[in-house]
Structures are given as structure tokens and as C-alpha cells.
1. Being more than 30 Å from residue 38 (Cα to Cα), away from ligand 2 (no atom under 16 Å from the Cβ) and aliphatic (A, V, I, L, M): is that true of residue 450 here?
2. Just to verify a result, which residue in region 343-374, among those that are of a type in the set (Asp, Glu) and closer than 23 Å to residue 315 by Cα, is most open to solvent (accessible area, probe 1.4 Å)?
3. Looking at (1) charged (D, E, K, R); (2) closer than 21 Å to residue 452 by Cα; (3) away from ligand 2 (no atom under 15 Å from the Cβ), find the lone condition where residue 194 falls short.
4. Can you run down the residue pairs with Cβ atoms below 6 Å, 6 or more apart or on separate chains, where the first is in region 107-126 and farther than 17 Å from residue 276 by Cβ and the partner is among the aromatic types (Phe, Trp, Tyr)?
5. Looking at (1) within 11 Å of ligand 1 (Cβ to nearest atom); (2) within 23 Å of residue 56 (Cα to Cα); (3) surrounded by fewer than 18 Cβ atoms within 10 Å (Cβ to Cβ); (4) not acidic (Asp, Glu), find the lone condition where residue 432 falls short.
6. Tally the residues that are charged (D, E, K, R), within 16 Å of ligand 1 (Cβ to nearest atom) and open to solvent by 60 Å² or more (accessible area, probe 1.4 Å), restricting the search to region 117-141.
7. Where in region 457-503 are there strands (runs of 3 or more DSSP E), lying fully within it, with 1 or more residues that are at pLDDT below 90?
8. Would you confirm, using the coordinates I've provided, whether residue 404 is open to solvent by 30 Å² or more (accessible area, probe 1.4 Å), touching a residue at least 40 places away in the same chain (Cβ under 8 Å) and farther than 18 Å from residue 82 by Cα?
Amino acid sequence: MVDDFSLLPALLFITFFFFYYFNQHCSCEKKSSRRPPTKISFFEMVKNKERILEWTTELVLASPTNTITMPYTVVTSNPENIEHILKTNFHNYPKGDDFTAIFSELLGHGILNSDSDRWRLQRKAASHEFSTKNLRSVILDKVRNEFTDRLVPLLSKAAATGASLDLHELLDRLTFDVVCQIVSGVDPASLGYDKDDVGRFIHAYEAVMGVVNQRFDQPCFLWKLQRLLGIGSERRLKENIGDVHEFAMRIVKQRKGRKPEEIRSSNDFLSHFVLNGNSCDEFLRDIIINFVFAGRESTPTAMAWFFWLVSTQPEVEERILDEIDSVRRRHGNPDGNLTLDELREMDYLHAVLSETLRLYPPVALCLRQCAEDDSLPDGTVVKKGWRVIYNSYAMGMMESIWGEDCKEFKPERWLENGVFGPKSPYQFPAFHAGPRTCLGKEMAYILMKVVATSIIERFSFEVSAKEEIKFFSTLKMKGGLPVSVRMKEGKRTSKNGADFVMA
Ligand code: HEM
Ligand SMILES: *[C@@H]1O[C@H](CO)[C@@H](O)[C@H](O)[C@H]1NC(C)=O
């Protein structure tokens, strides 16, 4: 405890004066600009740092332009501002040193944590990987196996014994296994097995994430000083990052150790990078960690909220089952696995998942750093070096985007005559937008649809969790998603009483 806090009061004191001075200083420069957005003082910022998401959400919703200015920081949920930041003036809003420093140990120079040329090269290579023809069927295959071989036994056992399970954790592990296999060709088998090395990796990864999250709450120099002195949480990070790197490095060595023809016939991302030749081990390690991070921090969180929402709305579950029935009928597939085409035709399920992401976007706050002085479309002045954050959680509660019923869970808002209609990504930036838009969006929908349909056809849950959010890099459920499981009796037949009759 001593090393955690001994320096803190003095440092906070210095920080405070530093920020206060600049806050005053900046406001005098702004005489000529248009009406400035709501301004927030450093005092309030410190007071609310434990509830940064809830607090900034209240503020941007109350601001006339949905934008607020804090010392060194702009937070917005204004679609025009977001289009400007993510597309029109993309080059002026890199991730920036603030962000990349926070994630430097975990993500290295990977795609999620780099800018300019280093990012562009990786983006090009990764876009190529995500557009390979058979990627969709590989994903489908992996998720199905994971579901059949690992999740079903766990859920069935819990149903038989009446034990309670943390569904969030199971979904975390399932996603981890799937993404790891697609990216590296190696199956960590984290779901349902208590393997030492995987356990150590997951524990270390979570510990690292804990420290990284604390960094967001502090001015840069404060955590950097702690890191330099090797004290407090920064010491824990140093201890744990080794385990994370070791795990990913073992995958790299395993892959490089295979015979060339074996690598050539594999179709995971890592093999392609190895074949291209010029990638050092650290670079390959960063690739694995970046993709595992991108997939694991977002998709399971979205699925957990999906199951929570569905458990509170039995009529939504009914409609999903009806949709599965009608797709099965149309394709003459009464009880086989659903195919990609069949999943694609499930517009209602697509709407339910999108509605979940609208109300609970995993990446609720997304951070950029301003490269040169600029002003946003609503007149907000942004200075070089400031953090620019968009709040997509707040956007789900904006009447100007979604109408008066914006706070209600209503999948129908996405459907026109039963067909799914997408929303502009600047109004619904759950998957980001512009040149850095999420590469895994389609993969995420396939993964979520397979898991959703497979589970809903066979199991039902009683959920004891309340709606309580915990913002921890992404919008998690506080306390996970504890459920008790029930097995559905037999395969469901059509509601109209008629059984499937194949032509
Ligand atoms: C529901 C699930 C998902 C959501 C909501 C989501 C959301 C996002 C968001 C908001 C970003 C932008 C982050 C930023 O720039 O700060 C992003 C980037 C990215 N996502 Fe996803 N994502 C999801 C699933 C996935 C999956 C399954 C993968 C594949 C493993 C993936 C791969 C990526 C990659 C590689 C980037 C970086 C793109 C770049 O910087 O050029 N995502 N995602
Ligand atoms: C469905 O997929 C699972 C996992 O890939 C497989 O074990 C099972 O045999 C498949 N079922 C049918 C009917 O093809």
C-alpha cells in the first residue's frame, strides 16, 4: 500500500496547478470563436473520474451541441463532429502518443496501437486477410466446434446440477479460442479446460488490463513516473506483461517451427505473415495480441448484453425462434447446423444484435489526439495535443438520432418491411467509421449469430444480474452475467403446430 500512495498527494497537487493554469490560459485565447460548448473545470473532472462514462454521458446529452470542453479534452456525441474526426479530417486525429503510450506494453506497435505509415501497412495486410474468400466458413466452422464440443457440455452439466455459471466468462473464453485459432492457427482450448499456461495467460492479461485502465485516469507523467520508479500498479504490470508475451511468443515459435509446406497450406493470418518472410518475432507476437484484444474486449461483451436483454424480453426470444423456424423451413434444414446463407437471412436477429450494440456499445468512449489546432463543425475549438473523445454510449440516448423512444429496446427500429436497414456509422459508431473502421465487424456478427441461435434453440437462462454497467476499457456488465441454465425440451417445432414437412 505504501508504494501506491506515498507520492500521490504531492503529484496531484502539482498536476492540479498545471491544469488550472492552462485552463485559464486557453480560455482567454478563445475570444473570437463561436459560442463555445459547455466547459467543465478540472475540479469536476477529478471528482468524477471514477464514473467518467456516466458523467460525460450526462454532460454531452445536456449540452446544446452535444459537445463539452474540459481541460485538454473535448468529448462529443455530435454526428457531424464525429464524421469530421473519423473521416473528413482523419489525418488530424491520430490515436496519438497519449493513447499509444498507455497501451505500449500490451499492444506494442500492433495495428490498434500505431499511426501513420506503421498503421497503414498493417491495415493493408489485415484488410487483405479479412477479405479472403473462405474466411467466413472458417469462422463458422470454428465457432460451431467450440459451441458443440465445449460450451454444450458445460451448459448441459450446469442444467443437470443446477449450478450457476458466469455466462460472460464463458463467452470471453469462447471468443478467445475462436479468434486465436483464426489468427494464429493454434487452439488455446481455454473453454472448459483448466490448462495452466492458458490460465496464467488469462490472469496476466486481465491484470495488465487493470493497470492500463488506471492509466486513463491519470495525467501521463504521473503513471510514467510510477513506471520509472517501478512502484504500485506499475510494478504489477511489469510482472504480468512477461506472461502475456510469453504465451503469444510460444504460438509464434510453434508456427515458425512447422514445415514450410505445412505453413503454406494453413490459412490463418500468422502463417501468411510468416510466409511473407520479413516479420520479426516481436512483430508477429504483437499481431496475435492485437487481434485477440480487438476480438475479446468487444464481442463477448456485446453477447453478454444480448443474453441479458433477451432474458428480460421473452417476446424477443420468441421472435428469434420464429425466425429460425422460418429460415429452416425455407431451406429444408429442420435440425442441421445453420449455414452462412441461413444466418445472413436472419434480419430480425441482426436487428436485435444491432439494437444491443446501440444501447450498450462495447467501445463506449473512443479516444483520439488532435495533431494541429482545428475547429469542429459545431464550432468547438480543439488545440494541438488535446484529447478528443467520442461517446457512443450517449449517442444511443439521443432523441435527435433515434426519436422519442431512444431509451427503449426496440429491434423493430432497424427493420423496414422485415428487412434490416443500416444506420450511418457516424450516428451509430459502435464499429467506428472512416478509414480505421473495425475490420472484424462481419466476423463479429457471424460469431454472435451462431452463438445466439445455437444457445437459444437448446437452452434458456434465468439471469440474476441487474443492469449495472462497469466501464473498463469496454462497457462490461458489473459482476459478469451469472445465470442458471435450463435445457429446452426436445427441438422446438413450429408455433403453428405443424411439424417440418420437407418438400
Ligand atoms: C461486437 C464486436 C466488435 C465491436 C463493437 C468492435 C468495435 C471496434 C471499434 C470501435 C474499433 C475502433 C477502435 C479505435 O480505433 O480506437 C475497432 C477496431 C478494430 N477491430 Fe473491432 N469490434 C468488434 C469485433 C472485432 C473482431 C471480432 C475483430 C477481429 C478479431 C475486430 C478487429 C478489429 C481491428 C483489427 C480493429 C483496428 C482497425 C484499425 O485500427 O485500423 N473487431 N473495432
Ligand atoms: C454441426 O456442427 C458440429 C460442430 O462442427 C458437428 O459436430 C455436427 O456433426 C454438425 N451437425 C450436423 C447435423 O451436421
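1. For residue 450, the condition - more than 30 Å from residue 38 (Cα to Cα), away from ligand 2 (no atom under 16 Å from the Cβ) and aliphatic (A, V, I, L, M) - is not met.
2. Ranking the candidates gives 345 first.
3. Unmet for residue 194, out of (1) charged (D, E, K, R); (2) closer than 21 Å to residue 452 by Cα; (3) away from ligand 2 (no atom under 15 Å from the Cβ): (2).
4. Within 6 Å, the pairs are 113/103.
5. (3)
6. Of the residues in that region, 6 qualify.
7. Hits in region 457-503: 469-472, 474-477.
8. No, not satisfied.
The values are calculated or read from the model by the stated rules, or taken from the named source; none is laboratory data. Please read these numbers as outputs of a predicted model, since none were measured by experiment. Heads up, the Cβs are rebuilt from the backbone with ideal geometry, glycines too, and the neighbour counts pull from every protein chain shown. All accessible areas refer to the heavy atoms of the entire protein, side chains included, with ligands and DNA or RNA removed. Shrake-Rupley method; radii C 1.70, N 1.55, O 1.52, S 1.80 Å.
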